[in-house]
Ligand SMILES: Cc1cc2nc3c(=O)[nH]c(=O)nc-3n(C[C@H](O)[C@H](O)[C@H](O)COP(=O)(O)O)c2cc1C
């Protein structure tokens, strides 16, 4: 799958912290996401791990010594700085942070950083007292003032056995941070986009509710794809199953009316809304604060009333509105009528009877319907890629408004 890290050139700096075993996982994840990872290990880090471990994972030479005559680095000692899309130092010791903050360049890593023009992400890892020391704090403040992104450290159990502020950010979060940082100048930068996700739950009594099969995966994929292209994303989520993504504001809701209230407030700031949530069309007329009992009855019915159609009721000058239509019959016809009745700029229709796609699945197959009636069939692909197909069609709309 082509993702935001595909073919990106990432320099991974590894320094002499016990946390450097986590850098192996980070290298592996970056490579799995399609990045070309060049590792630079400080001398101290080689006391903990061997270059072979990184070479095995990245399939690329590892820089270990600035003066190694056999290394590419010796021939062009700033070559990696020039070719890198981003530099990530994880883990970063107090020592390397101090050196970078003071503009030193006495090894391959600090030389690369000093020569670099690309974004730099640093994930400190150290004993809590080392981190809290004013010397380290001053150094970190200097790096932040120069535009270097400092991730963490996190609070928790440290290698010493003590609890403190010194754990390296997890490799998984670092992958997200790298992706977000690389995407910050993307084609959606400067745009504020609200994306809704998940299936709402309409309570009947304290234990029962009406919901639907939406997992939220499509909305979350849209939110991360928009984030990765530089948008400022607000995710309004009715899903409890998915991990809260980093790099965006997430507002959790349960019912359709909560979702409507949150979106009505947030929309004031937005340039676009993508309504991927499956919002219940109906809600129980009355909520019972005590659980309904069987009481020997064979049949039971509850009265339902219509909920507010959120996307149809949201309006603001120049707002781009993209809706979703989950249909079991007459997919295109129903989609076309919704685009008119809800004054949408695009509608994404998916066939909920397709067993391999749609609800709960990691893939989707959709039709994108335009206001002039044009229909584009997007074949089955991962939801993140479907998200990018939708965003590709949204971008030209900003110029038309
Ligand atoms: C077992 C062990 C673990 C260490 N862990 C850390 C650490 O987590 N963070 C840190 O800043 N220094 C740590 N150090 C100290 C560094 O290795 C030392 O400051 C070294 O000079 C760092 O060099 P570098 O920044 O060039 O990699 C550790 C040292 C040892 C012996």
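Read the figures in this text as sums done on the coordinates, not as results from a lab. Source: prediction; values computed, not measured. Methodologically, a virtual Cβ is constructed for each residue, glycine included, from the backbone with ideal geometry; neighbour enumeration extends over all protein chains shown.
The DSSP beta bridges internal to the range 192-400 are antiparallel in roughly 40% of cases. Where does helix 134-145 land angle-wise versus the long Cα axis of the chain, in degrees 0 to 90, nearest 10? Helix 134-145 and the main axis of the chain meet at about 60 degrees. Short-range pairs are left out: with C-alpha atoms under 8 Å and at least six residues apart, the relative contact order of the range 9-183 is 23 percent. Under a Gaussian network description of the chain, with springs only between Cα atoms under 10 Å, the residue in 18, 122, 386 that fluctuates furthest is 18. Using only alpha-carbon positions in the range 147-252, the gyration tensor eigenvalues give semi-axes of 30, 23, 9 Å once each is multiplied by 5 and square-rooted (largest first).
A Gaussian network model of the chain, with springs between Cα atoms under 10 Å, assigns the largest mean-square fluctuation among 347, 378, 193 to 378. For the chain, the longest principal axis of the C-alpha atoms and the axis of helix 217-228 are separated by about 40°.
If both residues of a DSSP beta bridge must be in the chain, then about 30% of such bridges are antiparallel. For the chain, the Kirkwood hydrodynamic radius comes to 23.7 Å, computed from all pairs of different C-alpha atoms. When the Cα atoms of the range 106-203 are aligned to their principal axes, the ranges along those axes come out at 55, 38, 21 Å in descending order. Counting alpha carbon pairs within less than 8 Å and at least 6 residues apart, what relative contact order, in whole percent, applies to the chain? It comes to 11 percent, rounded to a whole number. Please work out the Cα center distance from the range 43-66 to the range 122-197, rounded to the nearest Å. Measuring centre to centre over Cα atoms gives 23 Å.
Arranged from highest to lowest average of other beta-carbon atoms within 10 Å per residue, in what order do the peptides 168-177, 364-373 appear?
Values: 168-177: 19.8, 364-373: 17.7.
Top of the packing list down: 168-177, 364-373.
In terms of its Cα atoms, the range 192-400 spans 61, 35, 31 Å along the principal axes, sorted from long to short.
How far is helix 21-32 tilted off the main Cα axis of the chain, in degrees rounded to 10, range 0 to 90? Value to nearest ten degrees: 60.
Just so you know, the Rg over Rh for the range 360-401 is 1.02, from Cα atoms, with Rh as the Kirkwood radius. Across the range 192-400, C-alpha contacts under 8 Å between residues 6 or more apart give a mean separation that, scaled by the residue count, equals a relative contact order of 20 percent.
Given the Cα atoms of the range 1-150, and with Rh set as the inverse mean 1/r over their pairs in the Kirkwood sense, what is Rg to Rh to two decimals? The partial results should precede the final answer.
Working: Rg = 14.5 Å, Rh = 15.3 Å.
Across the range 1-150, the Cα-based Rg/Rh ratio is 0.95.
Hey, fewest Cβ within 10 Å first, where do 11, 178 land in order?
On the way: 11 26, 178 29.
Lowest count first: 11, 178.
Please find, in a Gaussian network model of the chain (springs between Cα atoms separated by less than 10 Å), the residue of 106, 228, 38 whose mean-square fluctuation is greatest. Among 106, 228, 38, the largest GNM mean-square fluctuation belongs to 106.
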